[in-house]
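Encoded as structure tokens, the structure appears first; notes follow it.
The values are calculated or read from the model by the stated rules, or taken from the named source; none is laboratory data. A quick note: this is a predicted structure, and the numbers were derived from the prediction, not measured. We place every Cβ from the backbone using ideal geometry, glycine too, and count neighbours over all the protein chains shown. Remember, those area values only see protein heavy atoms, side chains included, never the ligands or the DNA or RNA. Shrake-Rupley method; radii C 1.70, N 1.55, O 1.52, S 1.80 Å.
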Number of protein chains: 4
Amino acid sequence: MSSSDIFLGETIGTAVLILLGGGVCAAVTLKSSKARGAGWLAITFGWGFAVMTAVYMTASLSGAHLNPAVTVGIAIKDGDWSNVPVYLAGQMLGAMIGATLVWVAYYGQFRAHLTDPETLGEEPIEGPGPVLGVFSTGPEIRNTWQNLATEIIGTVVLVLAVLTQGLNDSGKGLGVIGALITAFVVVSIGLSLGGPTGYAINPARDLGPRIVHALLPLPNKGGSDWSYAWIPVAGPLIGGAIAAGIYTIAFA
Amino acid sequence: MSSSDIFLGETIGTAVLILLGGGVCAAVTLKSSKARGAGWLAITFGWGFAVMTAVYMTASLSGAHLNPAVTVGIAIKDGDWSNVPVYLAGQMLGAMIGATLVWVAYYGQFRAHLTDPETLGEEPIEGPGPVLGVFSTGPEIRNTWQNLATEIIGTVVLVLAVLTQGLNDSGKGLGVIGALITAFVVVSIGLSLGGPTGYAINPARDLGPRIVHALLPLPNKGGSDWSYAWIPVAGPLIGGAIAAGIYTIAFA
Amino acid sequence: MSSSDIFLGETIGTAVLILLGGGVCAAVTLKSSKARGAGWLAITFGWGFAVMTAVYMTASLSGAHLNPAVTVGIAIKDGDWSNVPVYLAGQMLGAMIGATLVWVAYYGQFRAHLTDPETLGEEPIEGPGPVLGVFSTGPEIRNTWQNLATEIIGTVVLVLAVLTQGLNDSGKGLGVIGALITAFVVVSIGLSLGGPTGYAINPARDLGPRIVHALLPLPNKGGSDWSYAWIPVAGPLIGGAIAAGIYTIAFA
Amino acid sequence: MSSSDIFLGETIGTAVLILLGGGVCAAVTLKSSKARGAGWLAITFGWGFAVMTAVYMTASLSGAHLNPAVTVGIAIKDGDWSNVPVYLAGQMLGAMIGATLVWVAYYGQFRAHLTDPETLGEEPIEGPGPVLGVFSTGPEIRNTWQNLATEIIGTVVLVLAVLTQGLNDSGKGLGVIGALITAFVVVSIGLSLGGPTGYAINPARDLGPRIVHALLPLPNKGGSDWSYAWIPVAGPLIGGAIAAGIYTIAFA
């Protein structure tokens, strides 16, 4: 794969991932959305199928990592870090494009939600902003070590599933069925390990949209919760490295 | 593929698509339906599996576009417009047949819903009619540019997923697995981008049933909201063209 | 396939189908079930995966029709009725075994439900019995022609999807992926066309368990609604024949 | 397969299975979890995708039994018990590791739930503990024979589906699609047969976490319900043996 294909694939793929993933959070959260209150199953299937769509679309260009934790896990496994910067750059750019597209698609819903005293009254303005959850993750209970541990555990499952894929999939990597399996692995992590922190399990998925949240001209948006922002970056990177270690010891 | 196979395939396929897609809207909406109130997940899985069923059934006849936006996207990509009129004719005819079959299957439910003061009282009679949502889409917040943008964005995701399918699927186009992946892409778009406008993402899916709504002898049916009708036609067509452009630049 | 394999396959397969399909109705309906009130999505996915499990298990023995409407549709398509009686016998026997196993698995729940004045008070005792819905289907609005039409339409979709399967599936008939696709076709029909009558779309699925309901020693079980019983038999058989006709005209 | 690969595969696989399966119970049950109250569909899909993820990950190492009932069923079918002790040891160790990881991931949620008088007041402290359901199963109605029968019936379906897999799957055993089919079989059993006892259908899944529940330093955790513990061990083992018998008679 050429560097330009990798960059293009990761940018397009991560943009689609965050457009659809952030989109389902907007759909379920915001006032005047037809999906308002559709619940946790909608969120988890929404993110799972977002991964499937994005992976399926861009696997032929870049292998569809779409996640720095996956990129780091594969780099450790293969001992090859040469393309890592290109992957990370595409992922961060794509995540920011995706989050911006969510804002475009839900423009009126954001305005309605953030200017209505009733919906605003449901949420605290100070600290994490009222619609920050559409962009980035946050914990239900703030506890640095637990939050970090939960993100690490979730990412180990994700990256180990990606790394072991070649062992079953006739060595063809992320093909059609691989995209489907990966989607349901992500649904599984969401259903089972998403309760405490909202399962970032992807540094670009969390950091890119948080930057966009800080930049967008949203009324009453509140803070971007930067004090928490390092956990959904560090946790998934540590998790990806641990998964590569488990893979090397048990599966290689 | 012969013109008659294309016409037959698109007519049958789009009829099945709209029968099942409109059907789930009727099932979840109408009084005296066992599925009443089953929620947004039911709607989105219902439409997704409607696409799967219709695509799977008719892929061998016409390639199963079932959507003018897909037809236009493929025509731009291939530079071949020769069969486009046959595809569009089959899609429009099929959509109208499908919407009529929904009326047959839910005949008593439509009557019960539209003659009961209680269910009718939940909805405004003037403007968009009380059961128009079973046939066609409508926005939660009326804003021409946002509504158009949301339909464009959703359709770009759909058509780009269809166009890139050949790249992963061993070049065989819409086979068995392709039907499944496409189904979940449609579920994804519904969950993530359906909140503002109800995700037409298909001109035939919206216009055909709207015509049927205008023609059917339903009591108290109210207006067919023709002032909005151009958006779910124009948005998806623009989206299909943009997807073909992205495909040509990034994937070809 | 030998007659004994066909009989064995259809008996086991239909028993598993009705055990799991009737099971989800019991799970969602009966007092003291952990799944009580899980809703229409649970019902439709439950029946869909019941079909998948049963088809997948027995496809190698009998081709896994598990439904007289499928058997009749295939017989018309192939012009071969020689094995039809064996298929039907296995399907009816299997359906009755399956319904009996539901009663065993939910023995205490049936007792609790049918002896508690509160749950019994929710439902009419005269006419269709309070737990008849765990065994057989019934309409929300009694209207012979609509009820028949809805069952016909649903079954046309099902049988046409089964008949066209060979066209996409490399001619291998009901293989692994076929079981999955068929499952989601059944979920689709349930979500979209199940609202008016509860989608029998299978004469054995409805008649076999209705006979078991009439025979089982359940307290306060009420009537078995025999006046409706012919519709979920006749409708699916007509639907299967129409599907075979459409297949012959459009796909063969 | 070498003994060490089997042990490693079963340990890792069952740990992932119980981490994700116990995780979804924690997510839906515990106070301060984002998924609290997500319902029975979330539970059943959560366990299904837990099986898929674990099977997919470890099929190349050990064949991914992850369940003593599967191991016993296969041993009876093949008449080869030589590796059974290694399988069982890995499964029990893995289940205990998985349950401990659930405790780590939901550490704060367990504390919050078990120290809040309101959530504690919803549940009985004496007898089965208030969070025991996150670890192990328990019946809604205590009835030894029904509870045992329900577990046997559920496990027959599971193990028969596993044993017949090779018949459709080109003899390749638990490949990629096999993992997906098995996942949905487990969802099906959960939806349809989980109502009375919570569908252990796997002795290691129930006994391993119950031991961990007894050992973990959880405040106000109550008893581990040891009087019931033999049923979700004996029932699935009997079910696995019956499935092997049916397989030998009908399918071999």
(Q) For region C:158-169, give me each residue that is at the interface with chain B (Cβ under 7 Å from one of its Cβ atoms) and either in contact (Cβ under 8 Å) with a residue 60 or more places away in the chain or part of a loop (DSSP other than H, G, I, E, B) (or both). (A) C:Leu160, C:Thr164, C:Leu167, C:Asp169
Q. Within region C:91-135, restricting attention to residues that are among the polar types (S, T, N, Q) and under 24 Å from C:Val16 (Cβ atoms), which residue is surrounded by the most Cβ atoms within 10 Å (Cβ to Cβ)?
A. C:Gln91
(Q) All but one of (1) without any contact (Cβ under 8 Å) to a residue 24 or more places away in the chain; (2) closer than 30 Å to B:Ser62 by Cα hold for B:Tyr106; state the number of the condition that does not hold. (A) (1)
**Q.** region C:1-14, subset closer than 22 Å to C:Val187 by Cα and either open to solvent by 10 Å² or more (accessible area, probe 1.4 Å) or hydroxyl-bearing (Ser, Thr, Tyr) (or both), residue farthest from the other protein chains (Cβ to nearest Cβ)
**A.** C:Thr14
Q | Residue among D:Gly194, D:Gly223 that is surrounded by 24 or more Cβ atoms within 10 Å (Cβ to Cβ), more than 21 Å from D:Tyr87 (Cβ to Cβ), in contact (Cβ under 8 Å) with a residue 40 or more places away in the chain and of a type in the set (Gly, Ala, Ser) | A | D:Gly194
Q | Top-ranked residue in region C:175-184 [being touching a residue at least 60 places away in the same chain (Cβ under 8 Å) and not in a loop (DSSP other than H, G, I, E, B); ranked as farthest from the other protein chains (Cβ to nearest Cβ)] | A | C:Thr182
**Q.** Every residue from region C:26-54 that is open to solvent by 10 Å² or more (accessible area, probe 1.4 Å), of a type in the set (A, V, I, L, M, F, W, C) and in a helix (DSSP H, G or I)
**A.** C:Val28, C:Trp40, C:Leu41, C:Ile43, C:Trp47, C:Val51
Q: Please find, among B:Thr71, B:Thr119, B:Thr58, the residue that is hydroxyl-bearing (Ser, Thr, Tyr) and closer than 21 Å to B:Asp225 by Cα.
A: B:Thr119
Q: Please work out if D:Glu118 is charged (D, E, K, R), out of contact with any Gly (no Cβ under 6 Å at 6 or more places or on another chain) and part of a loop (DSSP other than H, G, I, E, B).
A: no
(Q) Is it the case, given these coordinates, that B:Leu88 is more than 14 Å from chain C (Cβ to nearest Cβ), open to solvent by 50 Å² or more (accessible area, probe 1.4 Å) and either outside any helix (DSSP H, G or I) or at pLDDT 95 or above (or both)? (A) yes
Q: Could you figure out which of (1) free of Cβ contacts under 8 Å to residues at least 24 places away in the same chain; (2) out of contact with any helix residue (DSSP H, G or I) (no Cβ under 7 Å at 6 or more places or on another chain) isn't true of C:Asn143?
A: (2)
(Q) Being polar (S, T, N, Q) and either open to solvent by 20 Å² or more (accessible area, probe 1.4 Å) or under 15 Å from C:Gly195 (Cβ atoms) (or both) is the filter here; which residues of region B:55-77 pass it? (A) B:Ser60
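To keep it simple, each residue is scored yes or no on (1) at pLDDT 95 or above; (2) within 15 Å of the chain's Cα centre (by Cα).
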residue	(1), (2)
C:Thr44	yes, yes
C:Leu61	no, no
C:Ala64	no, yes
C:Met92	yes, yes
Q) For region C:19-43, what are the residues that are within 10 Å of chain D (Cβ to nearest Cβ) and not small (Gly, Ala, Ser)? A) C:Leu19, C:Leu20, C:Val24, C:Cys25, C:Val28, C:Thr29, C:Leu30, C:Lys31, C:Lys34, C:Arg36, C:Leu41, C:Ile43
Q. Which of the residues spanning region C:125-154 are at pLDDT below 90 and farther than 30 Å from D:Pro139 by Cβ?
A. C:Glu126, C:Gly127
Q. Does region C:223-233 include one or more residues that are away from chain B (no Cβ under 14 Å) and touching a strand residue (DSSP E or B) at 6+ places or on another chain (Cβ under 7 Å)?
A. yes
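Each row is one residue, and each column tells you yes or no for (1) closer than 21 Å to A:Ala64 by Cα; (2) outside any loop (DSSP other than H, G, I, E, B); (3) of a type outside the set (Ser, Thr, Tyr).
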| residue | (1), (2), (3) |
| --- | --- |
| A:Arg142 | no, no, yes |
| A:Ile153 | no, yes, yes |
| A:Ser188 | yes, yes, no |
| A:Thr197 | no, no, no |
| A:Ile201 | yes, no, yes |
| A:His213 | no, yes, yes |
| A:Tyr228 | no, no, no |
| A:Pro236 | yes, yes, yes |
| A:Ile242 | yes, yes, yes |
Q. If D:Trp81 passes every condition in (1) touching a residue at least 60 places away in the same chain (Cβ under 8 Å); (2) open to solvent by 50 Å² or more (accessible area, probe 1.4 Å); (3) not acidic (Asp, Glu) but one, which one does it miss?
A. (1)
